[in-house]
Amino acid sequence: MNKNYLTIAIPKGRLGEESIEVLNKIGYAKSVNLDSRKLVFIDDEDQIQYLIVKSIDVMTYVNQGVADIGIVGKDNILEEELEVYELLDLSFGYCQFVIAGFRESSNRLQDEKLRVATKYPNMTAKYFKERNRKIEIIKLNGSVELAPLVGLSDVISDIVETGSTLKANGLEIIEKMYDLSAKLVSNRVSYRFKFERINHITKKLNQAMEDIDND
Ligand code: PRP
């Protein structure tokens, strides 16, 4: 790894392809191939290193300064509660963070000890605390929609994009919590010391977003 290069954390999964697409539009990340098992791509010409990381970990890489900037979902920003600068909304990765469950559970939301299964315990706890609602959080790492089906929880809090996972499991949105999308974030020290490069890429991405909006 070269410390003088600009290091960019790219999320795997849903946001990955769109991140590469938008970076390609501004002439970056041409060598990155998300289908390979490679985790580091180096562009010596532009002096950029790309790290391919699990989306939930982008915040850690950027907060620690291993990556100077990164692309990350707002859900991960809210969940990780780590200090970074949020530089730009990237106008993709739109989804909602919601409480979902069986339709009947909608009148149970005020119950003492509502059991909420989620991959996002911090974000969920904060949301309910701010509204003085008591809950019990059941932390899961995936497939949270299963929890109400088998009686592990009363409801779930999770991201919904197309709604097909909820639908396939007979669940519905009960309460909308947050609108989410992908963001460009920066390490705070990098932002000072690599300002010109970070500002340059932020401006180019911003321009690319405007061009897409005007198409
Ligand atoms: C996410 C999320 C939902 C689903 C929503 O999970 O946690 O389960 O996608 O998307 P949809 O509204 O388009 O159906 P992901 O696919 O990342 O898998 P996971 O459950 O293993 O985390």
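For the structure I just gave you, tell me whether Lys74 is within 16 Å of the ligand (Cβ to nearest atom), closer than 25 Å to Ile212 by Cβ and touching a strand residue (DSSP E or B) at 6+ places or on another chain (Cβ under 9 Å). In short, yes. For the range 111-133, give me the residue count where each residue is closer than 26 Å to Ala168 by Cα and not hydroxyl-bearing (Ser, Thr, Tyr). Number of matching residues: 7. Of all residues in the range 46-67, those satisfying the criterion of being of a type in the set (A, V, I, L, M) and open to solvent by 30 Å² or more (accessible area, probe 1.4 Å) are Ile56, Val66. Among the residues that make up the range 165-185, is at least one of them within 15 Å of the ligand (Cβ to nearest atom), buried (at least 20 other Cβ atoms within 10 Å of the Cβ) and under 19 Å from Val62 (Cβ atoms)? The answer is yes, given that some residue of the range 165-185 is within 15 Å of the ligand (Cβ to nearest atom), buried (at least 20 other Cβ atoms within 10 Å of the Cβ) and under 19 Å from Val62 (Cβ atoms). Of the residues Ser55, Ser91, Ser36, Ser106, only one is modelled with pLDDT under 95 and within 13 Å of Ala9 (Cβ to Cβ); which? The match here is Ser55. Pairing residues of the range 148-173 that are free of Cβ contacts under 8 Å to residues at least 12 places away in the same chain with residues that are among the β-branched types (Val, Ile, Thr) and open to solvent by 10 Å² or more (accessible area, probe 1.4 Å), at Cβ distances under 8 Å and at least 6 apart in sequence or on separate chains, gives Gly163/Ile173.
Val160 meets the conditions (1) of a type in the set (Val, Ile, Thr); (2) under 30 Å from Ala67 (Cβ atoms); (3) more than 24 Å from the chain's Cα centre (by Cα) in every case but one. The failed one is (3).
For first residues located in the range 187-208 and farther than 20 Å from Ala29 by Cα, partners that are open to solvent by 100 Å² or more (accessible area, probe 1.4 Å) and lie 6+ apart or on another chain with Cβ distances below 7 Å form the pairs Arg188/Glu83. Of all residues in the range 11-35, those satisfying the criterion of being assigned to a loop (DSSP other than H, G, I, E, B), open to solvent by less than 40 Å² (accessible area, probe 1.4 Å) and either closer than 13 Å to Ile52 by Cα or outside the structural domain of Gln207 (by TED's automatic domain parsing) (or both) are Ala29, Val32.
Restricting the range 136-157 to residues that are within 12 Å of Glu175 (Cβ to Cβ) and out of contact with any Asp or Glu (no Cβ under 7 Å at 6 or more places or on another chain), the residue that is farthest from the ligand (Cβ to nearest atom) is Val155.
The values are calculated or read from the model by the stated rules, or taken from the named source; none is laboratory data. These figures come from a predicted structure and were not determined experimentally. Note that we place each Cβ from the backbone using ideal geometry, even for glycine, and neighbour counts take in every protein chain shown. Surface areas here come from the heavy atoms of the whole protein model, side chains and all, with no ligands, DNA or RNA. Shrake-Rupley method; radii C 1.70, N 1.55, O 1.52, S 1.80 Å.
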